[in-house]
1. With charges set only on the Cβ (+1 for Lys and Arg, -1 for Asp and Glu), what does the dipole of the range 181-321 come to about its Cα centre, in debye to the nearest 20?
2. When a footprinting reagent is the concern and you count Cβ atoms within 10 Å, what order do Thr497, Thr489, Thr252, Thr46 take, fewest first?
3. Give me the percent relative contact order of the chain, please, defined on Cα pairs under 8 angstrom at least 6 residues apart.
4. Show me the ranking of peptides 338-344, 367-373 by mean Cβ neighbours inside 10 Å, starting with the highest.
5. Cβ neighbours within 10 Å, averaged per peptide: list 171-178, 412-419 in order, most packed at the top.
6. Apply the a/c threshold of 1.5 to the C-alpha gyration tensor of the range 40-198 and tell me whether it is rounded, prolate or oblate.
7. Using +1 at the C-beta of Lys and Arg and -1 at the C-beta of Asp and Glu, which of Pro239, Leu329, Phe263 has the Cα lying farthest in the positive direction of the dipole of the chain?
8. Please give the net charge around Pro472, taking every other residue with its beta carbon less than 11 angstrom from that of Pro472, where Lys and Arg add +1 and Asp and Glu add -1.
Amino acid sequence: MDARERYQAWLDHLLIDNDTKAELRALDSDPAEIEDRFFRTLEFGTGGMRGQMGAGSNRMNIYTVRLAVQALAHTLKKTGRTAGGVVIAYDSRHKSREFAEEAAAVLVGNLIPVYVFPAIAPTPLLSYAVRYCQASAGIVITASHNPPAYNGLKVYNERGNQVLAEEADVISSHMAALSLEDVFIDKNPKGSELWRECGEELLDAYYERLLAITPDVEGGHDLRILYTPLHGTGARFVPEILRKASFHAVSTVTEQMVPDGDFSTVRSPNPEARDAYELAFAYAEKDPFDLIIATDPDADRMGVAVLDGDDWVLLNGNQIGVLLLDFILSHLPADKRNKGVVVKTIVTTEMVDAVAEHYGVEVRSTLTGFKYIGELIDLLPEEGRVFIFGFEESYGYLAGDAVRDKDAVLASLLIAKAAAFYKQQGLTLLQRLQALFQTHGYYLQGSCAYEFASSLEAERGAKLISRLQETPIPVIGSEQVVRMLDYSTGKSLDLKTGEEGLIDLPQERVLQWITQGGSKVTLRPSGTEPKMKLYLEVRAGDKRVGETRLAALQQAFDQIVREALATGL
């Protein structure tokens, strides 16, 4: 069935509501929009589903949500795991509450209990709640830091971890076999005895666990913090946890404390982007602050800006992660460090290894995606090991074992404690970072995202990946490649000797090149969106030398990608 046929099928379907049909009829003279909305059915992958909201099979709407949740219900039924129920949370985006209630209606229609948050809640709190409620699964309605037109649905297993590839494939296969007629819906789920709301006792338990995880340090009372949730779910939770930890000089960006699905005061609600801090910087011109903390809409990612003289410096995700790692390990007793493991992803800075080695702590790498870090937390005790800290370069951090996903509430508390600790020593976070660079070398990173504007570009992107797999690149810019890692096959290739090795990680379509100078270049297609991302890192003893090498690497590989997307060659 092609896009036009799917479009007509929705117009003719008795279960599609009239408002949706009216939206579709308005597209009749716009074949390009019809193609975009119906060229495929929104897929359920390892990151769940994510897409623009609107009518169509390739959009987030009540019908695609119903199909995905019915597929989850089938999965739970077939594995005999319905009794525990499903916890449901949602963020501040448009239609998030509506999609959450639709999900609950489908689950109750399948006679599966639900635990529904009464108001917007962070994604990491959902992960914690799954374990707290001893539920069989969890659902969170969010599109993280995507633009306002997007929403999404993520599924968590009974361990509070995002479903991995095998679990996602089962749900996806069920979803592909479903039609709207196969969906069971309870018309009044709130009136069912299967509907329960998550109460304040859950939140109290969550706060207690986070406070116990973080290092106990003196000071903090005079640390001046400015916080913004960027119109998202952190508005209540981050200020509360900071107050509970005796940070009393906490101010907030008032306009951005209001939940707003349009994210009307920012271009993008992404704590990685400097322009997301413009309003916070304006606040800081009027009042003095040591630190600005920002969290994304579902409060799983956290960004930090540090005052350096008269300027605000935005730390990148790797720098924040290294600072937190160093802070945590320096406050951990030797006996705990000996059994501890730090986890990073394959695109995260290699500086992690240098810092962890300094403290005698083991480092393990996983594929990109916090679900892999979460999975390791449950596997390590079987080896007599303990998870200490994990992070990925995209501003996601986790310490301890209370949660199985990146947690910006916990990360906000950690960075505040680290800043307070160093302030007592007369240092800023930037000065501590500089000291770490001087000890371990300068690790500098860059990245590029390539969004596919059409199905043709998506095909060309896939073709490029295949070509790079078949024909290893010998040189990137002026740096000779010595090793290529193909995570889709689980094999590595030594370009000098021609010897192949095995990669002890799950298979995923990611390619990585290591140069003779120790640089790392990684190309990774997204699991939830039509795009791919390029990650780069260089290490140098001198910052300027590193910056020059990084710029040359990025320019050389960017040219390879853009030519392939433009020509298909």
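Derivation of every value follows stated rules applied to the coordinates shown; laboratory data play no part. This one's a predicted model, so the numbers in the text were calculated from it and none came from an experiment. Glycine also receives a Cβ, built like all others from the backbone with ideal geometry; neighbour counts cover every protein chain displayed.
1. 140
2. With the sparsest Cβ surroundings first, the list reads Thr497, Thr489, Thr252, Thr46.
3. 12
4. Those peptides, ordered most packed to least, come out 367-373, 338-344.
5. On the way: 171-178: 17.2, 412-419: 25.9.
Highest mean packing first, the order is 412-419, 171-178.
6. rounded
7. Farthest along the dipole direction, towards plus: Leu329.
8. Values: positive: Arg467, Arg483; negative: Glu470, Asp486, Asp494.
So the environment of Pro472 carries a net charge of -1.
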